[in-house]
Amino acid sequence: MRLLSGASASRIPCPLLSLARARARCLPVPASATACRAASSSAAAAAGDGGALKPWLFVGLGNPGKVYQGTRHNVGFEMIDVIAEAEGISLSSMQFKAMVGKGRIGDAPIMLAKPQTFMNASGESVGQLVSYFKIPLNQVLVMYDDLDLPFAKLRLLPKGGHGGHNGMRSIINHLKQNRDFPRLRIGIGRPPGKMDPANFVLRPFNRKEQEELDFAFHRGLEAVRIMALEGFNKSATYVNTAQSSEMLNR
């Protein structure tokens, strides 16, 4: 998906607040007590030398600026805003060209990031964050829009290529072609008729689509909680098994 050259980047203002923050208020706030207790066992495995825990880095991809808020290409940003709202994390810091917030899910330290470089240069920010904070790539989850998934469907994978997505292409390039990091693909569906995909991804959602997307964000939030507390495999089972069941029951 070759989209958005970012040629007008210098003329676009930074975003004030994603629409997802308003939506997030209807989502459950605390992680479950059971999951919180599970964090203590997974925490030891994630600790590096000296017992310090490496944070999970959750990255949502999108484009900064009001003009892009609420569009299909920015569902990664909205997913981050939902997590931030639900877990009480403020994205108040600008580090390495990204809006960054730090907090915890249970005992697990996490870092949320929304690169402000524009989609096609996302790797400039992500590469620096990973390098500076020395985060293992298996603890870097990138969340982004996917034209090849049905609308509001999620797919959680441990690694892979960029699939034509320029944001992912940039990240892989800045990680020295390393593709071994998890990714949460958020389906936005295919453009209708002969519409140019580049125009389709910049369209806003209608009310019905927003309602469906809220459910997808809720599943994404639970997936992130499970991942931070119990690991990638359990999170992938939660996301992908549920998706498969839904498809079979149609």
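The values are calculated or read from the model by the stated rules, or taken from the named source; none is laboratory data. These numbers come from a predicted model, not from an experiment. Cβ: placed from backbone, ideal geometry, glycine included. Neighbour counts: every protein chain shown. Protein only, heavy atoms only, side chains kept; ligands, DNA and RNA dropped before computing areas. Shrake-Rupley method; radii C 1.70, N 1.55, O 1.52, S 1.80 Å.
Checking the structure you have, find out if any residue of region 184-207 is touching a residue at least 12 places away in the same chain (Cβ under 8 Å) and acidic (Asp, Glu). No: region 184-207 contains no residue that is touching a residue at least 12 places away in the same chain (Cβ under 8 Å) and acidic (Asp, Glu).
Residue under question is residue 178, and the condition is that it be open to solvent by 10 Å² or more (accessible area, probe 1.4 Å), touching a Gly at 6+ places or on another chain (Cβ under 6 Å), over 23 Å from residue 81 (Cβ atoms) and of a type outside the set (Ser, Thr, Tyr); does it hold? Criteria not met by residue 178. Residues in region 65-107 that are among the hydrophobic types (A, V, I, L, M, F, W, C) and either part of a helix (DSSP H, G or I) or modelled with pLDDT under 95 (or both): 67, 75, 77, 79, 80, 82, 83, 84, 86.
Inspection of region 161-172 identifies no residue that is modelled with pLDDT of 95 or more, closer than 18 Å to residue 80 by Cβ, open to solvent by 30 Å² or more (accessible area, probe 1.4 Å) and not aromatic (Phe, Trp, Tyr). Residues that are aliphatic (A, V, I, L, M) and more than 25 Å from residue 230 (Cα to Cα) were ranked within region 105-135; the one that is surrounded by the fewest Cβ atoms within 10 Å (Cβ to Cβ) is 121.
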